[in-house]
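In what follows, a single structure is set out as structure tokens and then discussed.
Values quoted throughout were computed directly from the atomic coordinates according to the rules given, and no laboratory measurement underlies them. Since this is a predicted model, take the numbers as computed values, not measurements. Neighbour counts run over all protein chains shown; Cβ positions are idealised from the backbone, glycine included.
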Amino acid sequence: MTYAFAWYLIRRCFPVFVVVLLFNKGIGAQTTDWLLDDRSYKAEIKQEAEDIILSNGLVSRTFRLNPNLATIAFENLVSGESVIRGIKPEAEVTLNHVTYPVGGLVGQPNYAFLVKEWIEQMTSDSDAFRFISYETGVPAAPFSWHRKRAAPTDAVWPPKGVYLKLDFAHTDPEISNLVISVHYELYDGLPVFCKWISVVNNGDKEVVINNYSSEILAAVEYSVSVDTRNSNVPKANLHVETDYAFGSMDADDANAHIVHWLPDPDYLTQVNYLRNNPCLLKVSPEVGPEFTLIPNDTFTSHRTFILPYDSYDRERQGLSRRRMYRKLAPWTLENPLMMHVRYADWESVKSAIDQASDVGFEMLILTFGSGFNIENDSPEYLTEMKRYAEYAKSKNLEIGGYSLLASRTIDADNDVLLPDSLTPVFGHSPCLGSSWAHDYFSRLYNFYRVTGFSLLEHDGSYPGDVCYSTHHPGHRGYADSRWNQYQIISEFYQWCRSQGIFLNIPDYYYLTGGNKCGMGYRETNWSLPRSQQVIHTRQNIYDGTWTKLVTMGWMFVPLTEYHGGGEAATIEPLNEHLDHYQQMMMSNLGAGVQACYRGPRLYDTEETKNMVKATVDFYKRHRSVLEGDLIHLKRADGAGLDYWLMVDPGGHEKAALVVFNPTNSQIEKSITVPFYYTGLADTVRIYRDDVFAKEKVLNRKYEVLLNVSVPAEKWDIYFFR
């Protein structure tokens, strides 16, 4: 039993027994749950005889150097489980239509498990690239992050940890001048390995990289089934995602084109009769890259991030992923209050800036349909937009605007070209390798360099469309079209991140610099009656935050009519629907979620202004805990109380219980509040806003029973220290 896992048991299951167990055995330095305090889990690289070991006390990966380098162990040190059941190549690369393994060993007699004695007898594949050397270091940032907005002071970029580079070469004269490097990063306090490959051409001939697999794992299966009628077989207990993600607001969907779970042809002893259990992980683009590597040039692949879960509990798995984003995409913690300004003329924008400043908002977006045109590069228009930005800055506000990329058509020469049997993801789309796209991105770069705008809401974005055109300047044909288009969009987003430009992108571009994606909602639901909208709002937040940080997803508050619904669906006139307006604000801000408040104004009377400002001020007083992790307690159903617990174990306020009553009657209820993920162990002090109310003793499950009384169609919040 690892000390970390034993501590987890202490906190969750068997306090007295396991405390005695650890006391008798002697507790080492690393006894804390990493989700509560990760400071003791430092990444390191060490060599022991013929092995190199990457470890941080949470996960470890061991490489045998001879007769060829191979991963011989990949362990989850918290659960004590092995992640792999066999040895595979470190990578595969298809060069000039011939596929070569990179590293690895062959000759394992049984792929159900791996024992040390077998490793000693295994040999190198004669076709494989052979290990020649390694280097160590620390992680380097793949792109810059200009910290322009408030984010936790402990958000570090690049993340701290260790870096390992493994070099391989081949004896075949046709490719002997190539060096393939396999790169690893392991981070402090995070059970995540990052991996990518690069290829250097030291020869005098071009080589085409048709395809590659940068990670291949014979993973331990999640479950087994004798027959194959069970089509929804769970994958191994790992989270795998890449920075080559697009086409979805969900990580698994956005990576489905590159993260593949396949049957393992070497696993002959598996229980499944047809040997179809999807327990072989291959991370490989399904199209391309078809990259022509010229002499003295380098090809660098996407990056893959592998997080072995230490539990099968849904909340703990979600918290693990959210911690990964905190460390590997810390810009997602930037969380400004945003208004979507309905009209883009000077008087409307000036009024919106004044109102936003009055009530404490932090950013304005010239929304879709407002008349804002980021593609207008006339000197007069750019000068006018610079005037907008300067006025916003004078009021301590940022300003940005909307642009549509995909889901529109340009013309036959510039749209993606597909066979008649295929259509673009959004029905229409320009090709990012076309002449139009080159001009489009040039205009965007120039707009932000000239105007001082600092936000882009980039609708559609690139969803992964391939293109069969052979005439677009940005790609040669189908095989390289996806890879090249993705390089164009990712380089733009990374440039934006380096300039401090906030990115709202309705797609999973977090690991290439995106700040926010949609939390996940159906737009036409904002045409429903107001009382239904507020329930959907809390359902959307509850559902979206299983895997997203609360700061990663935006929501929506339609101040004016949106997708129909008439008066029953709209908040305007604001003062006539003040209670609903505040309910919508608290439903979002009570979870640290920023919504797009879309309309021409934030208030229409002094009473409305006072309500909005008071609500914003309340949120800002408790911002740290309200932007913590959301613990899911009771999903909104409209029939009774719904509630969640926000936790911030490193903060002054450790937790906030946010309770809503959607019914037309007051409700009194006893709620069991779990405090494990707050880090509190003995007692908890309960506050109403900043006023102390009472102190309670936690039971052996780190819980307290709290009696609440919530008026009809209202909410209540309890803070804990």
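Relative to the current alpha-carbon distance between Glu390 and Thr153, full extension at 0.36 nm per residue lengthens the span by 82.5 nm. Comparing Cα centroids, region 260-294 and region 413-444 end up 31 angstrom apart. Rounded to the nearest 20, the size of the Cβ-charge dipole of region 623-720 about its Cα centre is 260 debye, with Lys and Arg at +1 and Asp and Glu at -1. Applying 1/(1 + (r/R0)^6) with R0 = 60 Å to the Cβ-Cβ distance of Tyr273 and Glu380 gives a FRET efficiency near 0.25.
Placing R0 at 41 angstrom, the Cβ-Cβ distance between Glu135 and Leu422 gives a FRET efficiency of 0.40 after rounding to 0.05. Assign one of three labels to region 48-322, namely rounded, prolate or oblate, based on the Cα gyration tensor with a ≥ b ≥ c the square roots of its eigenvalues; rounded applies when a/c is under 1.5, prolate when it is not and a/b is larger than b/c, and oblate otherwise. Since a/c stays below 1.5, the shape of region 48-322 is classed as rounded. By DSSP, the beta bridges lying fully in the chain are antiparallel in about 80 percent of cases.
Using a cutoff of 8 angstrom between alpha carbon atoms and counting only pairs six or more residues apart, the relative contact order for region 48-322 works out to 18 percent. Among the chymotrypsin sites (Phe, Trp or Tyr not before Pro) within region 309-371, those in coil by DSSP and having at most 11 neighbouring Cβ atoms inside 10 Å are Tyr312. Restricting attention to region 623-720, the count of lysine pairs at 8 or more positions apart or across chains with alpha carbons under 21 Å apart stands at 11. Would you mind checking the pairs Lys148/Lys516; Lys516/Lys548; Lys88/Lys116; Lys148/Lys395; Lys160/Lys548; Lys88/Lys282 and listing those with alpha carbons more than 18 angstrom apart? The pairs that break the limit, which is 18 Å between Cα atoms, are Lys160/Lys548. Taking trypsin sites (Lys or Arg not before Pro) across region 453-540, the ones in a DSSP loop with at most 11 further Cβ atoms lying within 10 angstrom of their Cβ are Arg522.
What separates the Cα centres of region 672-721 and region 505-570 is a distance of 28 Å.
Taking every alpha-carbon pair under 8 Å whose residues sit at least 6 apart, region 134-292 reaches a relative contact order of 19 percent.
Rounded to the nearest 0.05, what FRET efficiency do His632 and His438 have when you use their Cβ-Cβ distance and R0 = 41 Å? Once the sixth-power term is evaluated, E becomes 0.35. Charge tally around Thr292: other residues with Cβ under 13 Å, Lys/Arg +1 each, Asp/Glu -1 each, net -2. Entry note, the chain: the mean residue ellipticity at 222 nm calculated from DSSP H runs of n ≥ 4, each adding -39500 (n - 2.57), is -7000 deg cm²/dmol after division by the residues and rounding to the nearest 500. Using a cutoff of 8 angstrom between alpha carbon atoms and counting only pairs six or more residues apart, the relative contact order for the chain works out to 9 percent.
Classify the chain: rounded, prolate or oblate, from the alpha-carbon gyration tensor (a ≥ b ≥ c, eigenvalue square roots; a/c under 1.5 rounded; otherwise prolate if a/b is larger than b/c)? Oblate is the answer for the chain, as a/c is 1.5 or above yet b/c matches or exceeds a/b.
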